[in-house]
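Enquirer: Pasting a structure below so you can have a look.
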Amino acid sequence: MSPDPTSQQLDEETPLLRSEGNAPAKKPRTPLPWRQFSMLLVLQIAEPMTAQVISPFAPQLIRDIGITHGDEALVSFYVGMLYSLFFATEALTIFHWSRLSDYIGRKPVLLIGLFGLSLSMICFGLSKTFWSLVISRCLNGALNGNIGVMKSMTAEMTDSTNMAHAWAFIPLAWSSGSTLGPLIGGELARPADRFPNIFGGSEFLKKYPYFLPCAVPATVSALTWIVIFLYLKETTTPQINISQLLPWKKRKVIPSPALGPPPVSSSINDKPVPIRALFVRRVLVATGSYAGIALIDIAFRTVQPVFYSTPISLGGLGLDTPTIGTILAVQGIVNGVMQPLAFARLHDIMGAKKLWLFAVTCTLPMIALLPTLNTLARSSGVVQSVWYLVALQIALVGCMNFAYGISFMYITAASPNRASVGATNGFAQVIISIMRTVGPAAANSAFSISIEKQYLGGNLVYCVMTGMVCVVMGVGALLPRTMWAN
């Protein structure tokens, strides 16, 4: 018998991860555990700050180390390589970190990841050759297991009534880090040149002109490590008891209203499933939706600062590093404001699948504005109308990011059982890391070829990115209208 259409509509418009097959359509919203949830928000600020701080100065850094030998077309290629190497090494390790968190707990893995972030940023700031930059980025990716673990903890701290509400705040914290990162990178790069009265006497900062902007997020990660160590409580019962080996001998566990009581090791159904059990349709479809939006996002974000810094005559806007940092910071602020104000409400009105498709559709004009901006700048220079179009592009980036929250909810719902949420998120993050490895390399290589060979009038890169969007929309069409029951 086919399901009742009215029931389907209620299910789709309710921002729930259904834990009971016959759950009522409307339930009172469970208050978020703010004391613990705020710890994850702090962690969410540190992660993107570390990732985004290099965006404004990465093109100039590549020029300064001399690996391009003055060939401007190669700048985009090497910038893309730095991004891709991080995600390539992350893809090799992140599933194991997430899987490990199912066994030993979330907190130890988070602490290892924060240590890796801090150490790798210090190494990056001290790098003087391209290969030392490569090693630093690889170290960053290999030790960064936090992304999947944070998503697992968010699912375990929430239930079906407040999950969409929680995911609306996660992008706010992420955007705060994404805002601060470019500002720090744009303003503090080459401080001896930009602020001679303050830093002009420092021979260290003259020798390492990009150390200061790297040291700031490294310090934030170190402080976050202390906060997490002291205050964050476990959200799952570890399968392996290593409490005697850790400073916190008796860790308190927050019961998970979304997924029921913490897993009991004696229950077969509550044990992490084998890896092969993750290769089922719903996990693959949910992961594909996340991978698709991540591919578009990282391709655009790596091309965007290179486009802004490329001379107008070669297809960009010719902006300086501080201006690029300001644009990226404003972009982060707009995204951070849009998510908590609009995400949960749009989810209730449109439903999960329609909101995801709307967000992906917004990427088409977002990409099309790049060649439009260059065409306008060639004819009139960087005039006021150019900045209006940049503002429109920033708004479209904010709309695109609605897709992330939806994908996270689908992935949590697709988990085979309660004890495998970490493994499911880890598996999804491996695929996302692969996409984020391919995205920067493909997009920035296409940008370099567009400049050098002038294929399709210099617009090859935008055609490649538009093709990505079309493929991703096909994947999104496979998403169900309602969330899977866990």
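The values are calculated or read from the model by the stated rules, or taken from the named source; none is laboratory data. Not measured: the values here are computed from a predicted model. Neighbour counts run over all protein chains shown; Cβ positions are idealised from the backbone, glycine included. With ligands, DNA and RNA removed, areas are computed over all heavy atoms of the protein, side chains included. Shrake-Rupley method; radii C 1.70, N 1.55, O 1.52, S 1.80 Å.
Enquirer: Could you tell me which of rounded, prolate or oblate describes region 137-180, using a ≥ b ≥ c as the square roots of the eigenvalues of the alpha-carbon gyration tensor, with rounded for a/c under 1.5 and, failing that, prolate when a/b is larger than b/c and oblate otherwise?
Expert: Taking the square roots of the gyration eigenvalues as a ≥ b ≥ c, region 137-180 is oblate.
Enquirer: Further question on the same structure: Taking a spot 7 Å from the Cα of Asp320 along the direction of its beta carbon, which residues of region 37-80 have an amide N less than 14 Å from it?
Expert: In region 37-80, the label zone of Asp320 (backbone N under 14 Å from the point 7 Å along Cα→Cβ) covers no residue.
Enquirer: In what sequence, largest accessible area first, do Tyr231, Tyr103, Tyr78 appear using a 1.4 Å probe?
Expert: Tyr231, Tyr103, Tyr78
Enquirer: Let me ask another. Can you tell me how the chain classifies by the Cα gyration tensor, rounded, prolate or oblate, using a/c under 1.5 as the rounded cut?
Expert: Cα axes put the chain in the oblate bin.
Enquirer: Once both axes come from the Cα atoms, what is the angle between helix 130-142 and the longest principal axis of the chain, in degrees from 0 to 90, rounded to 10?
Expert: 10 degrees
Enquirer: Which of the trypsin sites (Lys or Arg not before Pro) found in region 430-484 are in a DSSP loop and have at most 13 neighbouring Cβ atoms, other than their own, within 10 Å?
Expert: Arg481
Enquirer: Rolling a 1.4 angstrom probe over the protein heavy atoms, how many square angstrom per residue are accessible across the chain?
Expert: 39 Å²
Enquirer: Which order do you get for Thr30, Thr363 if you rank them by accessible area with a 1.4 Å probe, largest at the top?
Expert: Thr30, Thr363
Enquirer: Compute the distance from the alpha-carbon center of region 166-198 to that of region 27-62, in whole Å.
Expert: Cα centres, region 166-198 to region 27-62: 12 Å.
Enquirer: While we're here: Take the Cα of Gln454, step 7 Å along the line toward its Cβ, and report every residue of region 352-386 whose backbone nitrogen sits under 18 Å from that point.
Expert: Under 18 Å, as judged by backbone N against the label point of Gln454, lie 371-372, 374-379 of region 352-386.
Enquirer: How large is the accessible surface of His347 in square angstrom, using a 1.4 angstrom probe and rounding to the nearest 10?
Expert: Ignoring ligands and nucleic acids, His347 comes out at about 0 Å².
Enquirer: If you scale each eigenvalue of the Cα gyration tensor by 5 and take the root, what three semi-axes come out for region 80-176, rounded to whole angstrom and sorted largest first?
Expert: Ellipsoid semi-axes (Å, largest first): 28, 15, 11.
Enquirer: Next question, about the same structure. Once you sort the root eigenvalues of the Cα gyration tensor of region 407-456 as a ≥ b ≥ c, which label holds: rounded (a/c under 1.5), prolate (a/b larger than b/c) or oblate (the other case)?
Expert: It is prolate, given that a/c is not under 1.5 and a/b is the larger ratio.
Enquirer: Still on this structure, I have one more. What's the magnitude of the charge dipole for region 335-486 around its Cα centre, counting Lys and Arg as +1 and Asp and Glu as -1 at the beta-carbon? Answer in Debye, nearest 20. Intermediate values should be presented prior to the final figure.
Expert: Numbers: 8 positive and 2 negative charges, 44 e Å.
Magnitude of the dipole: close to 200 debye.
Enquirer: Taking 25 Å as the cut-off for C-alpha to C-alpha distance, list the pairs among Lys151/Lys233; Lys151/Lys354; Lys107/Lys128 that go past it.
Expert: Those over the limit are Lys107/Lys128.
Enquirer: While we're looking at this one, here's another question. So for region 305-352, averaging the separation of alpha carbon pairs under 8 Å that are six or more residues apart and normalising by length, what relative contact order in percent results?
Expert: Numbers: 25 pairs, mean separation 9.6, N = 48.
About 20 percent, as a whole number.
Enquirer: Which residues in region 276-315 place their backbone N less than 16 Å from a point set 7 Å from the Cα of Val330 along the Cα-to-Cβ direction?
Expert: 305, 308-309
Enquirer: Considering only protein heavy atoms, with the full assembly of protein chains and a 1.4 angstrom probe, order Lys206, Lys107 by accessible area, largest first. Intermediate values should be presented prior to the final figure.
Expert: Numbers: Lys206 105, Lys107 15 Å².
Ranked from most to least accessible, the order is Lys206, Lys107.
Enquirer: Would you work out the charge dipole size for region 20-130 about its Cα centre, treating the Cβ of every Lys and Arg as +1 and the Cβ of every Asp and Glu as -1, and quote it to the nearest 20 debye? Each step should come with its number before you reach the end.
Expert: Working: 9 positive and 7 negative charges, 139 e Å.
Charge dipole of region 20-130: 660 debye, to the nearest 20.
Enquirer: Next question. What Cys residues in the chain have no fellow cysteine's beta-carbon under 4.7 angstrom?
Expert: Cys123, Cys138, Cys214, Cys463, Cys470
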